Every structure is written in C-alpha cells, then in structure tokens.
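Everything below concerns the one structure shown next.
What follows is calculated from the coordinates using simple rules that are stated; it is not laboratory data. What you are looking at is a predicted structure, and each value in this text was computed from that prediction instead of being measured. Here the Cβ positions follow ideal geometry from the backbone for every residue, glycine too, while neighbour counts run over all protein chains shown.
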Amino acid sequence: MNNFLITFHNIWNAKELRKKIIITLSFLLVYRFGSYIPIPGINPLGISDFIKNLNSGSKGLLQILSSFTGGAFNRASILALGIMPYISASIIIQLMCIVIPYLQRLQKDGESGRKQIGLMTRWLTLGLCLIQAPVYLISLTQQFIPFSSYSSILSNTYLININTFYGKTLFWLIGIIVLTSGTLFTMWLGDKITDKGIGNGVSLIIMSGIIARFPDAIYKEVLSKVEIGNRGFIVLFFEFLLWLLVILFSILIIQAIRKIPVQYVSHYKSLGSSSKLIQKKHQYIPLKMTAAGVMPIIFSQAIMLFPLTFSDYVSSDKIKSFFHLFQDIYGLWYNFAFFLLVIIFTFFYTAITIPVNQMADDLKRNGGHIPKIKPGRETAEYIDHVLSNITIPGSILLAIIAILPSIVYRIGITQNFALFYGGTSLLIVVGVILDIIQQVDIYLLNYHYDGLMMMKIKNRNSKFRYNNRRNNRNKNY
C-alpha cells in the first residue's frame, strides 16, 4: 500500500504525466456521456423492457455486441456502433497489406506511407458505417424486436412522426447519419487520446465501455448470492478467488515470451593510428506465445455471429435449424465451434503478422546470427519452427479463455459477471492496463532521470562557483 501511495505521489508530481492523465479521463468522460444519448425517434425504455424479456442465449449475444460500447448498443445510442467499424477497417487494411504489393510498399515508406494507409482506413471506416448503420436499424426494429413490440421501441417526436411515410424515411436518414457521425466522432476521440493523452486511444475507449458494465455485473452477482443466505457468501468468496486466478492466468499468457538468443559478429573500429575491438552484446528475439493477441477471438466471434444476423432471412427450415444450434452462446455446439475457430485464427493471424523471412534478412544484414544456425533460409525456418511450437499451447490457452465465460455461467455465475471471466473483454482490459502501466513507468523513469540530471548540473555549477571563489581568494592573498 505504501508503494502504491508513493507511485501515486510521483505521478501527481510529474506535471506532464498528470496533464496527460487528466486529458485522457476528460475525453473518456465525453465518450461515456455520448453513449447515453439515444437516436432520434427511438424509445430507450422500450428497448430495455424488450431486452429483459429475452432468453439467456439471445441476451448473451446482445451483451457481446454491446460489450465494446459500454451498453450503447443496447440503448440505441448515437454511439451504438462505437469504434468497431474502425477496428474492422483496420483489420481489413492490415490483411490487404499482405496481399497487395502497393500497400506493402506504403508500409515500408515510413511516416508518409503510414499516413496514406491511415487515410485509407478512415475512408473504409466511413464505408463500413454506411453499411452497418442501416443493418443495425433493421436489426433493432425488425429482427431483434418482433412487430408486436415495434410501437414500443419507436417513439413519435416533434421531429419525426413514425406513422407517416415521410416520418419513416426521415427516421432512417437521420439514424444512418447520426450513427455514422457517432463512429467518426469516437474515432476522433481515440486519435486525440493517443496524441495528447496516455495510452492507445482506441484501446482505452473499448476498455472504458467494458469496465462501465463491471459495477452492474458485480452488483447483480452479489445480489444473487445474498438471496441464497450464508452459503452464498462462501460461494461468492470462491467466485472472486477464481476470478483473480483467471486474471493472473491471462497476464501470464499475455506476458509469456520465448527468447531466441542472437549473436553479432565482432569488428574492429579504427581510432587514428590504432584500432579497437568492438564487441556487440548478446541480444535475443522475443517471440510472444500469443502474438496474435485478441484478434483471433474477435475474428471468431464475428463468424459465430453470422447465424444471428442471417438466420431469419433463410427460407430453408433445415438451414434455420442448423443455425439455431449456434445461437446460444452458452450451448455446447457454439463453444465447440468457437474453440476450434480461435485455434485456427491464432495460427493464421500469427503467420501473416510475423514476417520470419524479413527477420532473418534483417539479422543477416546487421551481422547477427542465431548460435548453431546458418544465416538466411535456415534462420527463417528455425524462427518459424520455434514460433509454431509456442503458438500451439498459446492458441489452446487462448481458446480456453475464450470459452471460459460459458463454462462459469454453467456452474452458477450470472451472465453479466460471467463475461468478465474471460473472452475478449478480460484480455482487452488486462492488455490495456499492462500497456498503461508500462507507459507510466517510462514517464516516471524519464521524470526522475531529468530530475537527477538537474541535480548533477546544479551540484556541478555550485562546485564550479566554489572553486572560482577559492581561486579569487588565493589571488588576493
């Protein structure tokens, strides 16, 4: 506790770090306020009443869709789409950079190339918003909500009269514009947090949406166990203990790396008439056990949501019954398919994001080599072999974390709290917090280093002035 207070005191004393933290919290507060503003023509109370009457499988799906927006998706907020269109566009552009040579060249052009790729990502985000916004409105008013509940969801306002053709057209037009503008505004907030705040803005916005649901989840979990009696407090204790162990397990998976030792060739540097042997230090290549991060879980969830999106538009009863097997996120078939997809996408995403051939070429160009491995092709094969060996357990452990919410839900934990036992939510929160802690440590290290250098300069100046005064006294004598 004492170390925590000292760290907090150091953070507050570092003026630049304190300013960045305040800016970050201010932008996140603006985002949270925006997530409660409903789309014009939508009755938020009607949506909340409808969601309460859903079955556990459908409600769980809506909770997954809403987890990245802090409930804005369920509230039909102007920020209902959140930052997900931008993330989808970034993933698409990242995959295209591997296939399209022009984008590969842009990646190697440095800052100018990254700016062009960023501009392409933003334009693609706009296009995805124009597609996802009407799909969201259709799902909100027709698919998730039956026609009998339609009138309770849509409300007549002084701007829109839903009962007329003009009112419906205006509702759809305003809804699409508002949802698209909300995503662009969220993207702008993320960029401002990255530039002027601390941490990655997009990741912090996602984490804020996830954490916003945490107090309600804790409250409902405690309330459900209190109703049981004294036995409920014991069960609650073991639930929180298990949750802390899952967090520790997630941290170990995220931080786990395999170090490949690297040696550099010694060389002589001429110093006038003589030469000096320059011996480079031994280094290593860090390969993370889960190099793909949370991307495999996001890809897998996007595919598993396919039955929910298109099952009502299929006319064949056999296909509908097949899709129905995967609509319950706590069911056996959903989690079995989800488990396999996470493993497959972990290998796929790791293979396309870690350029082993380029790493081997860079080592050879810089005079480095792996001990007992020849430079060039054998080095690339060795790195690929090691990466495959560590990805196998990493993908299995990542898949276990992905399906863990469904497992703990089956043993009696409430839906809201079960989502924090694993999956994308827990991994994103843990990863972002670890990144923020690392950045804060770097700022504090620089702050103390600057302070130490200023003290050395002051001591040196005071010593210099003392010597000057002493020399002047000696001259006078």
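Which value, in Å to one decimal place, does the Kirkwood hydrodynamic radius take for region 167-208 when every pair of different Cα atoms is included? After inverting the mean inverse Cα-Cα distance, the result is 11.4 Å. List the residues whose amide H sits under 5 Å from the amide H of Ile42, counting only those 5 or more places along or on another chain, with H placed 1.01 Å from N in the peptide plane. It is Ser155, by chain and number. Cross-link partners for Lys115 among the aspartates and glutamates, with Cα-Cα distance under 18 Å and sequence neighbours closer than 8 places in the same chain left out: Asp191, Asp195. At an R0 of 22 angstrom, the distance between the Cβ atoms of Lys192 and Arg105 translates into a FRET efficiency of 0.15. For the listed residue pairs Lys108/Lys288; Lys288/Lys372; Lys192/Lys288, the alpha carbons are over 26 angstrom apart in Lys192/Lys288. Which aspartates and glutamates does Lys364 reach when only Cα atoms under 13 Å apart count, and residues fewer than 8 places away in its own chain are ignored? Qualifying aspartates and glutamates at Cα under 13 Å: Glu378. One decimal place: the segment Leu332-Arg377 gains 11.8 nm when fully extended, by the rule 0.36 nm per residue minus the C-alpha distance. The spacing between region 422-437 and region 373-390, judged by their C-alpha centroids, is 30 Å.
Across region 379-394, computed HN-Hα scalar couplings (Karplus, 6.51 cos²θ - 1.76 cosθ + 1.60, θ = phi - 60°) run 5, 4, 5, 5, 4, 5, 5, 5, 4, 5, 5, 7, 6, 4, x, x Hz from first to last residue, x flagging Gly and Pro. Residues whose amide H falls under 5 Å from that of Ile260, counting only those 5 or more places apart or on a different chain, are Ile285, Leu287, with hydrogens built in the peptide plane.
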